[in-house]
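Right, one structure below, let's go through it.
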Amino acid sequence: MNDRKKQEQLTRRNFLKMGIGALGAVALLEITGVSLLYMQPRSVEGAFGGIVEAGRVASFPLSSVTEFVNGRFYLIRAEEDGFLAVYHRCTHLGCTVNWQANENRFFCPCHASEFDIHGDVQNPPAPRALDTFAVAIEDGIVYVDTSGPQKRGEFAAEQLVYA
Ligand code: FES
(Lines give C-alpha, C1' and ligand atoms only; values in the text may rest on other atoms or scores of the structure.)
Protein backbone atom coordinates (compact mmCIF):
# COMPACT_ATOMS: atom_id res chain seq x y z
CA MET A 1 0.00 0.00 0.00
CA ASN A 2 1.47 3.32 -1.02
CA ASP A 3 1.53 6.44 1.17
CA ARG A 4 -1.30 8.15 -0.68
CA LYS A 5 -3.69 5.21 -0.13
CA LYS A 6 -2.69 5.04 3.55
CA GLN A 7 -3.37 8.74 3.92
CA GLU A 8 -6.76 8.37 2.17
CA GLN A 9 -7.73 5.49 4.48
CA LEU A 10 -6.74 7.46 7.53
CA THR A 11 -8.83 10.35 6.36
CA ARG A 12 -11.84 8.06 5.81
CA ARG A 13 -11.30 6.47 9.22
CA ASN A 14 -11.09 9.86 10.86
CA PHE A 15 -14.18 10.97 9.02
CA LEU A 16 -16.12 7.90 10.16
CA LYS A 17 -14.94 8.36 13.74
CA MET A 18 -16.03 11.99 13.70
CA GLY A 19 -19.41 11.02 12.21
CA ILE A 20 -20.00 8.33 14.83
CA GLY A 21 -18.92 10.73 17.57
CA ALA A 22 -21.32 13.38 16.30
CA LEU A 23 -24.21 10.88 16.15
CA GLY A 24 -23.40 9.76 19.68
CA ALA A 25 -23.45 13.36 20.87
CA VAL A 26 -26.83 13.99 19.22
CA ALA A 27 -28.27 10.80 20.77
CA LEU A 28 -26.95 11.83 24.18
CA LEU A 29 -28.54 15.27 23.85
CA GLU A 30 -31.88 13.71 22.89
CA ILE A 31 -31.78 11.27 25.81
CA THR A 32 -30.91 14.12 28.18
CA GLY A 33 -33.74 16.28 26.81
CA VAL A 34 -36.33 13.50 27.12
CA SER A 35 -35.13 12.65 30.65
CA LEU A 36 -35.46 16.30 31.71
CA LEU A 37 -39.00 16.40 30.34
CA TYR A 38 -39.95 13.34 32.42
CA MET A 39 -38.29 14.74 35.52
CA GLN A 40 -40.33 17.96 35.41
CA PRO A 41 -43.05 18.18 38.04
CA ARG A 42 -46.31 16.84 36.61
CA SER A 43 -48.50 19.16 38.55
CA VAL A 44 -48.86 22.29 36.48
CA GLU A 45 -50.93 25.10 37.90
CA GLY A 46 -54.05 25.77 35.85
CA ALA A 47 -54.00 22.41 34.05
CA PHE A 48 -54.88 18.81 34.81
CA GLY A 49 -52.65 17.56 37.61
CA GLY A 50 -52.56 20.94 39.32
CA ILE A 51 -54.89 23.49 40.85
CA VAL A 52 -57.31 24.99 38.38
CA GLU A 53 -58.92 28.38 39.02
CA ALA A 54 -62.45 27.74 37.80
CA GLY A 55 -63.89 31.23 38.23
CA ARG A 56 -66.05 33.38 40.44
CA VAL A 57 -68.81 31.70 42.44
CA ALA A 58 -71.39 34.06 40.97
CA SER A 59 -70.55 32.99 37.43
CA PHE A 60 -71.98 29.49 38.00
CA PRO A 61 -75.79 29.35 38.13
CA LEU A 62 -77.57 26.87 40.39
CA SER A 63 -78.09 23.43 38.77
CA SER A 64 -75.35 24.10 36.22
CA VAL A 65 -72.59 21.90 34.84
CA THR A 66 -69.52 23.54 33.34
CA GLU A 67 -66.91 21.56 31.48
CA PHE A 68 -63.19 22.26 31.96
CA VAL A 69 -61.61 20.36 29.11
CA ASN A 70 -57.97 21.03 30.07
CA GLY A 71 -58.67 20.26 33.72
CA ARG A 72 -60.56 17.06 32.72
CA PHE A 73 -63.46 17.76 35.05
CA TYR A 74 -66.95 19.12 35.20
CA LEU A 75 -67.78 21.70 37.82
CA ILE A 76 -71.28 21.23 39.15
CA ARG A 77 -73.14 23.86 41.08
CA ALA A 78 -75.96 21.82 42.53
CA GLU A 79 -79.46 23.10 43.15
CA GLU A 80 -78.53 22.92 46.86
CA ASP A 81 -76.03 25.75 46.06
CA GLY A 82 -72.89 23.70 46.78
CA PHE A 83 -70.08 22.90 44.35
CA LEU A 84 -68.79 19.51 43.26
CA ALA A 85 -66.05 18.76 40.73
CA VAL A 86 -66.27 15.37 39.00
CA TYR A 87 -63.54 13.71 36.95
CA HIS A 88 -64.68 13.25 33.35
CA ARG A 89 -63.39 9.66 33.36
CA CYS A 90 -66.02 6.92 33.44
CA THR A 91 -65.66 4.58 36.41
CA HIS A 92 -66.28 1.54 34.19
CA LEU A 93 -63.30 1.45 31.82
CA GLY A 94 -62.18 5.05 31.73
CA CYS A 95 -63.84 6.58 28.66
CA THR A 96 -64.65 10.29 28.77
CA VAL A 97 -68.23 11.03 29.79
CA ASN A 98 -70.22 13.83 28.16
CA TRP A 99 -72.64 16.14 29.88
CA GLN A 100 -75.97 16.11 28.03
CA ALA A 101 -77.84 19.14 29.33
CA ASN A 102 -81.09 18.28 27.53
CA GLU A 103 -81.14 14.87 29.27
CA ASN A 104 -79.72 16.25 32.54
CA ARG A 105 -77.16 13.44 32.67
CA PHE A 106 -73.57 12.44 32.04
CA PHE A 107 -73.38 9.82 29.34
CA CYS A 108 -70.53 7.45 28.52
CA PRO A 109 -70.39 6.70 24.80
CA CYS A 110 -68.42 3.46 25.28
CA HIS A 111 -70.94 1.21 27.04
CA ALA A 112 -73.81 3.61 27.69
CA SER A 113 -73.37 4.19 31.42
CA GLU A 114 -75.38 7.15 32.68
CA PHE A 115 -74.80 9.37 35.71
CA ASP A 116 -77.03 12.05 37.20
CA ILE A 117 -75.98 15.65 37.87
CA HIS A 118 -74.19 14.60 41.09
CA GLY A 119 -72.29 11.89 39.22
CA ASP A 120 -74.32 9.01 40.68
CA VAL A 121 -74.77 5.95 38.47
CA GLN A 122 -78.21 5.78 36.88
CA ASN A 123 -77.42 3.08 34.39
CA PRO A 124 -74.57 0.49 34.65
CA PRO A 125 -72.10 -1.01 33.79
CA ALA A 126 -70.29 1.78 35.69
CA PRO A 127 -69.85 0.35 39.19
CA ARG A 128 -69.78 3.61 41.19
CA ALA A 129 -70.24 7.35 41.01
CA LEU A 130 -67.84 9.56 39.05
CA ASP A 131 -64.68 10.36 41.00
CA THR A 132 -64.36 13.83 42.47
CA PHE A 133 -61.65 16.44 42.86
CA ALA A 134 -61.21 18.62 45.92
CA VAL A 135 -62.90 22.01 45.64
CA ALA A 136 -61.90 25.09 47.61
CA ILE A 137 -63.50 28.52 47.58
CA GLU A 138 -61.40 31.50 48.56
CA ASP A 139 -62.40 35.15 48.23
CA GLY A 140 -65.33 34.18 46.02
CA ILE A 141 -63.18 32.18 43.59
CA VAL A 142 -63.64 28.44 43.01
CA TYR A 143 -60.47 26.33 42.81
CA VAL A 144 -60.30 22.67 41.85
CA ASP A 145 -57.32 20.51 42.81
CA THR A 146 -56.93 17.95 40.02
CA SER A 147 -53.84 16.32 41.49
CA GLY A 148 -55.71 13.27 42.78
CA PRO A 149 -59.22 11.98 42.00
CA GLN A 150 -61.16 10.75 45.03
CA LYS A 151 -63.17 7.56 44.68
CA ARG A 152 -66.66 7.35 46.15
CA GLY A 153 -69.47 4.85 46.04
CA GLU A 154 -72.22 7.40 45.61
CA PHE A 155 -73.06 11.04 46.11
CA ALA A 156 -73.50 12.34 49.65
CA ALA A 157 -74.52 15.87 50.62
CA GLU A 158 -71.27 16.33 52.57
CA GLN A 159 -69.37 16.24 49.26
CA LEU A 160 -70.76 19.65 48.30
CA VAL A 161 -68.55 22.64 49.02
CA TYR A 162 -70.22 25.94 49.87
CA ALA A 163 -68.97 29.49 49.45
S1 FES B 1 -66.22 2.92 29.88
FE2 FES B 1 -67.99 4.01 30.37
S3 FES B 1 -69.54 2.53 30.30
FE4 FES B 1 -67.75 1.40 29.84
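Amide H to amide H, with H built 1.01 Å from N, D131 comes under 5 Å of Y87, counting only residues 5 or more places away or on other chains.
Against the criterion of solvent-accessible heavy-atom surface with a 1.4 angstrom probe, H88, H111 sort, most first, into H111, H88. Of the residues L130, H92, V65, the one whose Cα sits farthest towards the positive end of the charge dipole of region 51-159 is H92 (charges of +1 on Lys and Arg Cβ, -1 on Asp and Glu Cβ, taken about the Cα centre). With each label modelled as a point 7 angstrom along the Cα→C-beta vector, the N123-Y162 pair spans 3.4 nm. Summing charges over all other residues whose Cβ lies under 13 Å from the Cβ of A85, with Lys and Arg as +1 and Asp and Glu as -1, gives 0. Calculate, for C110 and D139, the FRET efficiency according to 1/(1 + (r/R0)^6) with r their C-beta to C-beta distance and R0 41 Å; round to the nearest 0.05. So, using R0 = 41 Å, E works out to roughly 0.55. Proximity of backbone amide H atoms, modeled 1.01 Å from N, is registered between N123 and E114 at under 5 Å, excluding neighbours fewer than 5 places apart on the same chain.
The values are calculated or read from the model by the stated rules, or taken from the named source; none is laboratory data. The structure presented is a predicted model; accordingly, all values stated were derived computationally and were not measured. Glycine also receives a Cβ, built like all others from the backbone with ideal geometry; neighbour counts cover every protein chain displayed. Heavy atoms of the whole protein, side chains included, go into the accessibility calculation; ligands, DNA and RNA do not. Shrake-Rupley method; radii C 1.70, N 1.55, O 1.52, S 1.80 Å.
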